[in-house]
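What follows draws every value from the coordinates through simple rules; no lab data is involved. What you are looking at is a predicted structure, and each value in this text was computed from that prediction instead of being measured. All Cβ positions, even for glycine, are placed from backbone atoms using ideal geometry, and neighbour counts span all protein chains on display.
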Amino acid sequence: MDQPIPSAEYIAKLEKDLAALKKMNKVLMERVERSVNDTGGAYSLFERNITLQRSVEARTRELEKINLELHRLIDEASRAQEAAEQANRSKGSFLANMSHELRTPLNAIIGYGEMLLEEAEDLGQAGFIPDLQKIHAAAKHLLALINDILDLSKIEAGKMDLYYETFDVPPMIQDVVATITPLVKKNANALEVHCADDLGAMRADLTKVRQTLFNLLSNACKFTEHGTITLEVTRETVDGGGWVTFRVRDTGIGMTPEQMEKLFQEFSQADASTTRKYGGTGLGLAISRKFCQLMGGDITVESTLGHGSTFIIRLPAEGRALKAVPAPRREVSASSATLPEGAPTVLLIDDDPAMRDLTQRFLGKEGFHVVIAASGEEGLRLAKALKPAVIALDVMMPGMDGWAVLTALKADPDLADIPVIMLSIVDDKGKGYALGAADYLTKPIDWERLPDTLRKYQQTRQQSPVLVVEDDADLREMMRRTLENVGWAVIEAANGRVALERLIEQRPELILLDLMMPEMDGFQFLEEVRTHEEWRSIPIVVVTAKDLTEEDHRRLTASVARVLQKGLYSREEMLREVRDLVAARVQGIRGQG
Amino acid sequence: MAKILLVEDSEMNRDMLARRLAKRGYEVVIAVDGGQAVTLAQTEAPDLILMDMNLPVLDGSEATRQLRAAPATRSIPVIALTAHAMVGDREKALEAGCDDYDTKPIELERLLGKIEALLKKEATP
């Protein structure tokens, strides 16, 4: 089995092949090495990833724990707030009841005292008279204190009602002057009254105006001896609104700036010793000022120690409550923050004083003009008087509750188009929307959301209408109501042909368009609209149940602002979507314009 | 002298007002609740009624409404006596058909003025 000896030629070929193989092997080795290196890199990356993921998980768990703790704290805080508000309400009603209970025996003391005085006079028992007079005077003073405390507690509980009436100013002044005259004479003072000729009538709570004037005049009498008290009444127009100004000037002891600062605080007269020397409850000014603020005005003061004081009452001539008071020059009190002209008016109807205060302050900062109503009845009255841009309405109120107010608002043609946002602890959106609410926010109020929600609605009013083109009468009706609830005027059309007729009559702000309709469908309608230059800029939102094909999409995207698929939403969701979309579209357009 | 029906459930208030009115020469008839007030208004035919608003059995405004509904008592003037603390009492009283109102605590001179004004109006129809 001898093998043939390979030829030199053959060997040379083998050597060449071997060299090629070696080279290839080297390349392969390099590749393998590189590949092994890469894998190692990937592996270490993988390892790093796992570590990172673990640490992220740990962080997430930590965050969740913190979040939980935060929620617990928030819950606790809101419970504490609830309790505090409850306590505040109880305090208010306790004071009201207590004052009533105190008054009953006190009335008996005053009444029997008067009877005894009469008897003593009749029987010639003059010796008893001074003592009886002292009992009588002390009882009267106690009664005045109780009345003041009751007034204050009512103001604080938000239960002070205003009875607006229109009355002539000069006879009211005469009336007050007649009542104050004995007090003027007591310290040998003179009273001068200057009434402008154009005073005429004003609309306010007569009793409270009278009480306020009487309070300021009696203060002037108390702190002035052998001097002059001047009452000056004028009428002026500021920013288009009529104001009646009463100035009560005295030549009495006057006040330091420090005293003026404390002046309007409850239970604080300018000086603690003042009470002992001059008497009085120390509540009169605080109450008077709150009365004026409730009526949309204010009281301010100017004074120099030793040179007398001037108290200035400013009240709107057509009392509608709470419009920013024009700031007098050099006034001490800076009451209402000045709002930009034309700030939108929001009417807040809520029986809870804490909530009202919070909302008012918060929305005030956000640039809203907030008018407050403490009850449903007052809310309705103010809504009629003010025609606010938006109404925020609490649901649970004593007496007339939010639902009743909402129903009444929607039943009044003058008010039905004002968007109403319900604020409630109870989540009852369905009922709210059914009764015509524009939106529904649950308490505790999300303060971030509230101003945006208000802004959304405040702008939708009194614009051109929205054209709803929809053949389903039910759905059309619901869309109309949804939009009307937030203040839109709505034109309806049952198909494309009718819609074109409506377009000719009036240019809408926006068109909501169904696609599948008899006579003229949405696509045909769109083509018609696009041939008219003047209609091309009207935004069109398609609301359709049609399963859109590629071709449909292509046709629509050219001419339609947005497509809403009916099937993707519940009816309620769809209507909300429509509503928000309309508001957003129109705002967007205005923003650009 | 004129006969006044005083309707008041609080004993002290009733006693004070009845005695002071009697002292000024009025004949005073007393009712302690709204139901009794309606009955006595029929049988006693008073010239004027002073009606507390917050009464047991029938409250003041309901009693006034019943007085206004009956021919025999329809034209008897009624002055409502309202508590200072009770917001809305005044409106309720006038709505029910009271001719006038006065606020408690009673200031006798002021009330007498109102009584006399209404009696005079009745005398000269």
Problem set entry | Hits among aspartates and glutamates - C-alpha to C-alpha of A:Lys186 under 14 Å, sequence gap 8 or more where chains match | A:Glu225
Exercise. Among the listed pairs B:Lys3/B:Lys23; A:Lys140/A:Lys185; A:Lys154/B:Lys92; A:Lys154/A:Lys208; A:Lys134/A:Lys208; A:Lys384/A:Lys410, which are separated by more than 18 Å between their Cα atoms?
Worked result: A:Lys140/A:Lys185; A:Lys154/B:Lys92; A:Lys134/A:Lys208
Seminar exercise, completed: Row for the protein assembly as shown, column shape: gyration tensor on C-alpha, a ≥ b ≥ c, rounded if a/c < 1.5 i.e. under 1.5, prolate if a/b over b/c, else oblate; value prolate
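Rounded to the nearest 20 debye, what is the charge dipole size of the protein assembly as shown about its Cα centre when +1 sits on each Lys and Arg Cβ and -1 on each Asp and Glu Cβ?
1500 debye
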Exercise. Among A:33-41, B:69-77, A:539-547, A:424-432, what's the highest-first ranking by average C-beta atoms within 10 angstrom per residue?
Worked result: A:539-547, A:424-432, B:69-77, A:33-41
Problem set entry | Angle in degrees between helix A:449-458 and the longest Cα principal axis of chain A, rounded to the nearest 10 | 80 degrees
Exercise. Where does each of A:401-410, A:68-77, A:386-395 land if you order them by average Cβ count within 10 Å, highest first?
Worked result: A:386-395, A:401-410, A:68-77
Seminar exercise, completed: Taking A:306-317, A:51-62, A:176-187 and ranking on average Cβ neighbours within 10 Å, highest first, one gets A:306-317, A:176-187, A:51-62
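Just add up the charged neighbours of A:Met520: K/R +1, D/E -1, any other residue whose Cβ is under 9 Å from the Cβ of A:Met520. If you can, show how the numbers build up before the last one.
Values: positive: A:Arg497; negative: A:Glu519, A:Asp521, A:Glu528.
Cβ neighbours under 9 Å give a net charge of -2.
Return the average number of partner chain Cβ atoms within 10 angstrom of each residue Cβ along peptide B:103-112.
Working: counts 0, 4, 12, 4, 3, 4, 0, 0, 0, 0.
Mean partner shielding for this stretch: 3.
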Problem set entry | Cβ neighbours within 10 Å from other chains - mean over A:104-111 | 5
For this session: Over the range A:19-157, calculate the relative contact order: mean separation of alpha carbon pairs under 8 Å at least 6 apart, over the residue count, as a percent.
Result: 27 percent
Exercise. Could you give the angle, 0 to 90 degrees to the nearest 10, between helix A:284-294's Cα long axis and the longest principal axis of the Cα atoms of chain A?
Worked result: 50 degrees
Problem set entry | Relative contact order of chain B, defined on C-alpha pairs under 8 angstrom at six or more residues apart (%) | 21 percent
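Give me the net charge for the shell around A:Met24: Cβ to Cβ below 14 angstrom, other residues only, Lys and Arg +1, Asp and Glu -1.
Values: positive: A:Lys16, A:Lys22, A:Lys23, A:Lys26, A:Arg31; negative: A:Asp17, A:Glu30.
Net local charge, A:Met24 excluded: +3.
Just add up the charged neighbours of A:Thr557: K/R +1, D/E -1, any other residue whose Cβ is under 14 Å from the Cβ of A:Thr557.
Details: positive: A:Arg530, A:Arg554, A:Arg555, A:Arg562; negative: A:Glu550, A:Glu551, A:Asp552.
Neighbour charge sum, excluding A:Thr557 itself: +1.
Sequence gap at least 6, Cα distance under 8 Å: using those rules, report the relative contact order of the range A:402-445 to the nearest whole percent.
Relative contact order of the range A:402-445: 41 percent.
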For this session: Determine the shape class of the range B:7-71: with a ≥ b ≥ c the square roots of the Cα gyration tensor eigenvalues, call it rounded for a/c under 1.5, and otherwise prolate if a/b is greater than b/c, oblate otherwise.
Result: oblate
Seminar exercise, completed: Quick P(r) readout (the range A:392-501; Cα-Cα; 5 Å bins; whole %) gives 2, 12, 20, 21, 18, 13, 8, 4, 2, 1, 0
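Evaluate peptide A:516-526: per residue, the Cβ atoms of other protein chains within 10 Å of its Cβ; return the mean as an integer. List each step's numbers first, then the result.
Values: counts 0, 0, 0, 0, 0, 0, 0, 0, 0, 0, 0.
Going residue by residue through A:516-526 and averaging, the value is 0.
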